[in-house]
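Everything on this sheet refers to the single structure shown next.
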Amino acid sequence: MEEIILNTTKHNEIINITDKIQKIVDKSKVKDGICSVFTPHATGAIIINENYDPGLCKDIIKALGVIVPERSDWEHDRIDNNAAAHIKAAILGPSETIQIRNGRLQLGQWQDISFIEFDGPRAGRRILVEIIEK
Amino acid sequence: MEEIILNTTKHNEIINITDKIQKIVDKSKVKDGICSVFTPHATGAIIINENYDPGLCKDIIKALGVIVPERSDWEHDRIDNNAAAHIKAAILGPSETIQIRNGRLQLGQWQDISFIEFDGPRAGRRILVEIIEK
Amino acid sequence: MEEIILNTTKHNEIINITDKIQKIVDKSKVKDGICSVFTPHATGAIIINENYDPGLCKDIIKALGVIVPERSDWEHDRIDNNAAAHIKAAILGPSETIQIRNGRLQLGQWQDISFIEFDGPRAGRRILVEIIEK
């Protein structure tokens, strides 16, 4: 099992981790199987979509901020003031599973694997990667 | 393969199932691999987030009720009157995959695995657990 | 590894792929394990919910269109005019993992596996299916 460690620099941020995960797949020498990507943080999530256009990353963060507004009389805000970040992370989910064929992650041309943080900046955010051979 | 059976007591409810799933992992004696958690109900879902603060559980239910309001002229309500519950379950999804290292689910400090029901109370809700060894 | 190829005919569309996936499970002769379903398209997703009532499929598409409106000054629309489709796909996610017992997908009575496209009509949409034996 392998880990990726990231530092985030903004309150909301999307970081492309596709190349780092493909390198872990390369190192494993697994040709066919599945790759599980999981972040153990309750205000972060793993998403798969286009990361090429920075405008789309801004749109994704903006849309989630409209769906779950930061100020909305959340009960958890009395304790930790980051309820919206938790709710967005719960909706997106902490994991994705990607197939591997011939040693390559089977992502589409416009798909990247990204870590998204809703309560940054944060140092030492972890992403766990496990590969199961077929 | 193992199952967890739950009874829910409210219309919307979040139930922490982390300990029950860790016990199934213990029983399997698998040290490294992945754990698939799946609920076969179309108005329920599996989420991973903080379950420690009951206020946050209320916030998650409240937020999803704003995102998908129960009264909104849904076509399915003419048949079964639970369209919003189905839509919320479809958005969250019925499954999560968690990694296992040294026999432990690799959840973060503020992460729990929970079953969420949107059309309760319901007796006999099932959660299926399958472990794949590395 | 197997693939399903679909053509969509509408801008937003939900297509039931349960029977096609069960046939791939049958062909594999795997009795116990997990089935990973993944679509490599950034404006499509895989969902699991009821597909029997066509009204509910319309409700799901309608609800997502309210959550992420097509016209909302998205930055990505200046480049490709399909930002809302990307955002909806990112929220739902491109994959689901379903357990297999005795050669059968362990779906509930009211659960189907569906491909959902938000930027159609599109020819040649792919769904990748990988089965991991226990």
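Here, each number is a calculation from the coordinates, and none is a lab measurement. Bear in mind the structure is a predicted one, so any value in this text is a computation, not a measurement. Cβ placement follows ideal geometry from the backbone for every residue including glycine, while neighbour counts extend to all protein chains displayed.
Remarks
- Failed item, numbered, when A:His86 is tested on (1) within 18 Å of B:Lys62 (Cβ to Cβ); (2) in contact (Cβ under 8 Å) with a residue 24 or more places away in the chain; (3) out of contact with any helix residue (DSSP H, G or I) (no Cβ under 7 Å at 6 or more places or on another chain): (3)
- Of everything in segment A:19-35 that is of a type in the set (A, V, I, L, M, F, W, C) and not in a helix (DSSP H, G or I), the residue that is surrounded by the fewest Cβ atoms within 10 Å (Cβ to Cβ) is A:Val30.
- Failed condition for A:Ile127, given (1) under 22 Å from A:Ile24 (Cα atoms); (2) facing chain C (nearest Cβ under 9 Å); (3) of a type in the set (Val, Ile, Thr): (2)
- Condition check for A:Ile47: within 7 Å of another protein chain (Cβ to nearest Cβ) and of a type outside the set (Phe, Trp, Tyr): yes
- Candidate set: segment C:48-63, residues that are surrounded by 23 or more Cβ atoms within 10 Å (Cβ to Cβ) and closer than 20 Å to A:Ile67 by Cα; chosen: the one nearest to the chain's Cα centre (by Cα): C:Ile60
- Any hit, segment C:21-32, residues being within 16 Å of the chain's Cα centre (by Cα), more than 14 Å from chain A (Cβ to nearest Cβ), without any contact (Cβ under 8 Å) to a residue 60 or more places away in the chain and within 25 Å of B:Thr43 (Cα to Cα): no
- Search result, residues across segment C:70-87 that are more than 9 Å from chain A (Cβ to nearest Cβ) and within 26 Å of B:Gly65 (Cβ to Cβ): C:Glu70, C:Arg71, C:Ala85
- Scanning segment B:86-124 for residues that are of a type in the set (D, E, K, R) and part of a loop (DSSP other than H, G, I, E, B) yields B:Asp119, B:Arg122.
- In segment A:112-134, the residues that are at positive phi reach residues that are of a type outside the set (D, E, K, R) and in a strand (DSSP E or B) with C-beta atoms within less than 9 angstrom, at least six apart or across chains, in these pairs: A:Gly124/A:Ile5; A:Gly124/A:Leu6.
- Selection of segment B:64-85 for residues being part of a helix (DSSP H, G or I) and crowded, with 24+ Cβ neighbours inside 10 Å yields B:Leu64, B:Ala83, B:Ala84, B:Ala85.
- Among the residues listed as C:Leu92, C:Leu105, the single one being within 19 Å of B:Thr39 (Cβ to Cβ) and more than 11 Å from chain A (Cβ to nearest Cβ): C:Leu105
- Which numbered condition C:Phe118 fails, given (1) of a type in the set (A, V, I, L, M, F, W, C); (2) closer than 30 Å to B:Cys35 by Cα; (3) in contact with a helix residue (DSSP H, G or I) (Cβ under 8 Å, 6 or more places away or on another chain): (2)
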